[in-house]
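What follows is a single structure, written as structure tokens, with notes after it.
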Amino acid sequence: MSSIPSTQHRTCPLCEGMCGVVVTTENDKVTKVRPDFNNVWSQGHICPKGTTLGELHHDPDRLRTPMIRDGDTWREATWEEAFQRCEELIQGVLERHGPGAMSCYLGNMIAKNYGLTRYVAEFIRLSQITNLFSSSTVDQHPKNLTCQLMYGDMWKVPIPDIDKTDMLVIFGGNPAASKGSIFSHRDVMGAMADLRKRGGKVVVVDPVNTGTARKADQWIAIRPGTDAAMLMAMVNTLFSENLVNLRHLEGRVNGLDALQSAAREFTPERAASFCGVDAETIRTLARQVASAPSAAVYGRIGLCNQEYGTLASWLIDVIAILTGNLDRDGGNRWSMETAPHLALTPPYPADAPVLLGKTRVSGLPITLGQTPACTFAEEITTPGEGQLRGVITIAANPALSAPAAGHIDQALAELECLICVDVYLNETTRHAHVILPTASILEQPHWDVWAWCWALRSGGHYSPALFEPPEDWVHDWEVMLRLGALCSGTKNRDIDIGAMDDHYFATLCNNIGVEPPIASSALPERGPERILDLAIRMGPFGDRFGERPDGLKLADFKTRPEGMDLGRTRTTLDDILRTPSGKIEIAPDYVIGDLPRLSTAMEKPLPELVLVSRRHLSSMNSWMHNVDTLMRGQHRCTLFIHPDDATRLGIENGDAVEVTSSEDTIAVEAEVTPHIRPGVVSLPHGWGHNADGAQLQVARRHAGANSNRLSPNGFADGPSGNAAVNGFPVTVRLAISA
Ligand SMILES: Nc1nc2c(c(=O)[nH]1)N[C@H]1C(S)=C(S)[C@@H](COP(=O)(O)OP(=O)(O)OC[C@H]3O[C@@H](n4cnc5c(=O)[nH]c(N)nc54)[C@H](O)[C@@H]3O)O[C@H]1N2
Ligand SMILES: Nc1nc2c(c(=O)[nH]1)N[C@H]1C(S)=C(S)[C@@H](COP(=O)(O)OP(=O)(O)OC[C@H]3O[C@@H](n4cnc5c(=O)[nH]c(N)nc54)[C@H](O)[C@@H]3O)O[C@H]1N2
Ligand code: SF4
Ligand SMILES: [Mo]
């Protein structure tokens with residue numbers, strides 16, 4: 001224990017902003033978290049969440065020991081006891097129902113946690129779990145699907161080159177709140193302002209006049225769920241006005257004729273009434289993208305989490321290709337990671353079918369190994385062969401963040417085995433039989449594994465652990481290996497973590513053609529750091545174990561608390577393209593096959609009112625509402641409603657209202673605002689912290705309502721099965737008690 005204040009430089013892991021922070025501690029207490037102006041990436045950028053890393057660490061509600069539930073009571077347990085209980089629970093399910101009854105739900109925070117990210121893949125392999133649920137299918141799965149089909153690699157999502165572009169078009173993303181997603185930049189909003197200062201143009205297509213839209217040149221208030229029609233009408237315009245110009249992509253694209261003929265019926269006039277955007281606006285946007293010296297087109301969660309998510313996500317890239325903006329400065333490009341961790345594991349084969357089957361109950365598609373999250377509850381509650389009886393959640397809170405959340409809440413309570421790897425006793429984990437905690441952010445080393453996949457500058461920043469975790473702590477990576485082994489039927493007493501880790505490491509070495517003994521003698525430490533070092537050394541800047549004496553290794557980053565900037569990406573189409581044809585597939589059959597569904601929908605009557613989701617800068621999905629400083633100020637869990645709709649429904653600002661969907665009814669406060677399209681209402685997700693037994697003292701005082709209780713079970717994008725938590729019909733009325 002020291003009483004002299006000391007500081008440490010590290011990265012905030014909470015989002016893709018990757019902000020460098022300086023953490024001051026005194027007597028093992030965090031006294032300050034400030035932006036790090038010397039950090040080569042963020043250069044002093046920060047948001048309110050990043051300053052609360054100390055509060056998260058010291059939060060009295062954060063779990064510091066494994067927890068076992070006996071009936072209604074919880075007790076703190078040793079790791080040994082907890083794993084023994086896990087063994088009994090898992091063995092019970094395996095013996096009674098067979099391996100198909102075990103499942104897992106993987107959450108978003110895995111991607112922000114260094115140990116979990118590296119080891120979750122090995123957990124999946126070892127566990128032999130076939131029904132894998134994750135937040136991917138309430139997030140970017142449609143984009144994964146289209147990238148797999150177009151480029152042969154589900155993770156090669158093109159990123160907007162905001163620093164060089166002359167025109168940025170954003171569909172369904174709000175970086176003013178989210179800080180950018182599948183698009184890492186030190187300061188998206190600052191870069192947008194710079195773009196406009198240098199004479200460029202920013203257009204935002206969103207049903208809500210968001211913080212981002214308000215800083216753009218133009219806001220196009222589209223009707224939710226109709227982007228695919230608007231984008232098809234832009235494609236139609238590009239073809240009919242001879243604006244297609246592939247430039248350097250000439251000869252590298254398959255399927256142009258099929259695309260052109262599919263686009264014929266989607267005229268701007270036809271799209272206009274469906275999208276609520278006039279034909280001339282659609283045409284003008286297409287012309288502007290085509291004629292801009294360079295243009296970057298970006299679509300994010302508003303495009304994925306909707307009924308036509310695959311079509312809309314696909315069409316973003318189609319526009320980039322048709323206007324010659326893919327793989328080009330100022331257009332959309334790919335990252336060059338310093339530690340390319342995906343290179344360590346074999347990619348989903350480019351020639352393998354993407355559709356692997358249909359779900360047992362609703363028959364939704366299982367693509368690229370993901371069972372849609374919007375079927376999670378029904379797969380647990382519907383009896384019969386294949387019914388799920390055991391679940392392991394890892395850094396996930398489906399009781400708030402997944403669709404049909406009320407149904408999920410009931411389903412979790414029915415499970416014979418629920419093991420949660422988590423940091424809180426919350427809405428999901430309260431149903432667990434065992435909770436296995438993760439060390440706090442400040443108790444772990446950190447390297448941004450995923451965020452660098454979406455950055456157009458290369459670099460790296462290593463953060464050492466600031467505090468030691470409690471004594472005899474079992475690290476996430478060990479937890480992953482152990483749970484994986486238990487699911488495969490192995491008993492605790494037979495598990496040798498060291499041997500398992502060596503085996504995993506040797507497999508990764510083999511995958512990239514490194515002799516494991518060479519790597520192991522150079523990298524003796526077990527765990528995620530050994531893998532990170534391997535990835536850096538074999539990456540584009542690495543020393544290749546001595547082959548490139550000036551190359552980098554993890555140790556070099558450990559001496560650079562401000563991080564290293566390694567310049568702009570040099571990755572090109574040639575580096576990423578893996579399709580069997582060797583060309584970009586611009587019109588994959590599986591995607592084009594969904595156009596008739598869109599076309600039919602365009603002729604149907606439109607609902608009077610639909611719901612969309614939103615984010616707030618001071619929230620992080622469902623789990624940061626227990627941080628007191630982030631909860632001050634105006635209540636955030638309100639229903640945005642346009643004055644026209646409010647007047648029609650007799651609602652005034654601040655009124656308590658009931659929102660009803662086909663799934664459920666919730667009560668919230670109305671916030672009447674002109675910053676939303678009439679006919680659309682918006683709620684944030686991740687609220688509803690009033691569940692019995694959850695141990696979140698601060699969040700409970702600001703409970704809010706769980707918007708995903710409204711998201712309909714099984715309501716999904718057709719080809720990907722991704723949840724459509726945006727754009728479903730609701731009715732709103734004054735609460736009865738009001
Ligand atoms: N209606 C609607 N629903 C949505 C969305 C939307 O836009 N609208 N967005 C969707 C998206 S994009 C996503 S990614 C999902 C997010 O949904 P989830 O992936 O389920 O993530 P969260 O709800 O944030 O829950 C995170 C969980 O991880 C725990 N946790 C936090 N830090 C750690 C850690 O270091 N280790 C461990 N083991 N656990 C930790 C928290 O306590 C919490 O239980 O929500 C989706 N749901
Ligand atoms: N502060 C904060 N930052 C976060 C998160 C957080 O919860 N809080 N979550 C992180 C995660 S997990 C993710 S995936 C990213 C998401 O990052 P973003 O994609 O930027 O997410 P949102 O801020 O929800 O913006 C989505 C926008 O889509 C709009 N939208 C909804 N439906 C439609 C539609 O049908 N068409 C169109 N065109 N727009 C539509 C919504 O109105 C909203 O403005 O943010 C990450 N960053
Ligand atoms: S949460 Fe805030 S401080 Fe942390 S990386 Fe994101 S933008 Fe930066
Ligand atoms: Mo997400």
- Per residue, how many Å² of accessible area does the range 372-481 show with a 1.4 Å probe? 23 Å²
- Point-charge dipole on Cβ atoms (K/R +1, D/E -1) for the range 607-734, about Cα centre, debye to 20: 380 debye
- Note on the structure: Mean accessible area per residue over the range 6-58 (1.4 angstrom probe, all protein chains present, square angstrom) is 36 Å²
- Message: Rg and Dmax in Å for the range 607-734, alpha carbons only: what are they?
- Response: 14.8, 42
- Query: Net charge near ASP501, counting Lys/Arg +1 and Asp/Glu -1 over other residues with Cβ under 12 Å of its Cβ?
  - Reply: -2
- Task: Answer rounded, prolate or oblate for the range 33-82, using the Cα gyration tensor with square roots of eigenvalues a ≥ b ≥ c: rounded when a/c is under 1.5, else prolate when a/b is larger than b/c, else oblate.
- Result: prolate
- Of all GluC sites (Glu not before Pro) in the range 568-639, the ones in DSSP coil with at most 15 other Cβ atoms within 10 Å are GLU603, GLU608
- Task: Give the long-range amide H neighbours of VAL205: residues separated by 5 or more places, or on another chain, with amide H under 5 Å away, using H modelled in the peptide plane at 1.01 Å from N.
- Result: ILE170, PHE171, GLY172, ILE220
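Taking a ≥ b ≥ c as the square roots of the Cα gyration tensor eigenvalues, with a/c under 1.5 meaning rounded and otherwise prolate when a/b beats b/c, else oblate, which class fits the chain?
rounded
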- Of the accessible area of the range 539-642, computed with a 1.4 Å probe and all protein chains kept, carbon and sulfur make up a percent value of 50 percent
- Message: In the range 1-42, whose amide N lies under 17 Å from the spot 7 Å out along Cα-to-Cβ of THR559? List them in ranges.
- Response: none
- Item | In sequence order, calculated HN-Hα J values of the range 242-255 (Karplus, 6.51, -1.76, 1.60; Hz; x Gly/Pro) | 6, 9, 5, 8, 6, 6, 5, 8, 3, x, 10, 10, 9, x
- Estimated dipole of the range 414-491 in Debye, rounded to 20 [Cβ of Lys and Arg +1, of Asp and Glu -1, Cα centre]: 280 debye
- If one computes the Cα centroid of the range 1-48 and of the range 404-459, what distance in Å separates the two points? 24 Å
- Item | Options ALA705, PHE728, LEU617, ranked by Cα towards positive dipole end of the range 606-738, top entry (Cβ charges) | LEU617
- Message: So if I average 1/r over every pair of distinct C-alpha atoms in the range 6-58 and take the inverse, what Kirkwood radius in Å does that give?
- Response: 10.9 Å
- Task: Post the alpha-carbon centroid distance, the range 703-736 to the range 294-353, in whole angstrom.
- Result: 27 Å
- Assigned charges on the beta-carbon of Lys, Arg, Asp, Glu; the chain dipole about Cα centre (debye): 1580 debye
- Note on the structure: Under the rule rounded for a/c under 1.5, else prolate if a/b exceeds b/c, else oblate, using alpha carbon gyration tensor axes a ≥ b ≥ c, the range 557-639 is classed as oblate
- Hey, how many Å between the Cα centroid of the range 617-695 and the Cα centroid of the range 492-567? 46 Å
- Task: Keeping all protein chains in place, calculate the accessible area per residue for the range 510-552 (probe 1.4 angstrom), answer in Å².
- Result: 49 Å²
- Message: Counting only protein heavy atoms and a 1.4 Å probe, tell me what percentage of the range 6-58's accessible area is made up of carbon and sulfur.
- Response: 49 percent
- Item | Lys/Arg +1, Asp/Glu -1 at C-beta; the range 64-141 dipole; positive extreme among ILE129, PHE83, GLY107 | GLY107
- Note on the structure: Of the candidates LEU285, ALA402, GLY459, the farthest towards the positive dipole end of the chain (Lys/Arg Cβ +1, Asp/Glu Cβ -1, centred on the Cα centre) is LEU285
- Item | In the range 360-422, GluC sites (Glu not before Pro) in a DSSP loop with at most 16 other beta-carbon atoms within 10 Å | GLU385, GLU416
- Using a 1.4 Å probe, how large is the accessible area of LEU356, given in Å² and rounded to the nearest 10? 100 Å²
- When only alpha-carbon atoms count, how far does the range 251-394 stretch along each of its three principal axes, as whole angstroms with the largest first? 56, 45, 28
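Helix-only mean residue ellipticity at 222 nm, the chain, DSSP H runs n ≥ 4 weighted -39,500 (n - 2.57), per residue, nearest 500. What is it?
One gets -8500 deg cm²/dmol as the mean residue ellipticity at 222 nm.
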- Task: Give me the percent of the accessible area of the range 84-190 that comes from carbon and sulfur atoms, probe 1.4 Å, all protein chains in place.
- Result: 50 percent
- Which of the residue pairs LYS179/LYS553; LYS112/LYS156; LYS143/LYS358; LYS112/LYS179; LYS112/LYS164; LYS164/LYS553 have a Cα-Cα distance greater than 21 Å in the structure shown? LYS179/LYS553; LYS112/LYS164; LYS164/LYS553
- Sorted by chain and then number, the residues having a modelled amide H within less than 5 Å of the amide H of THR393, at least 5 places away or on another chain, are TYR105, ILE419, CYS420, VAL421
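The values are calculated or read from the model by the stated rules, or taken from the named source; none is laboratory data. Computed from a predicted model, the values in this text were never measured in an experiment. Here Cβ is always computed from backbone atoms with ideal geometry, including for glycine, and neighbour counts include all displayed protein chains. Protein only, heavy atoms only, side chains kept; ligands, DNA and RNA dropped before computing areas. Shrake-Rupley method; radii C 1.70, N 1.55, O 1.52, S 1.80 Å.
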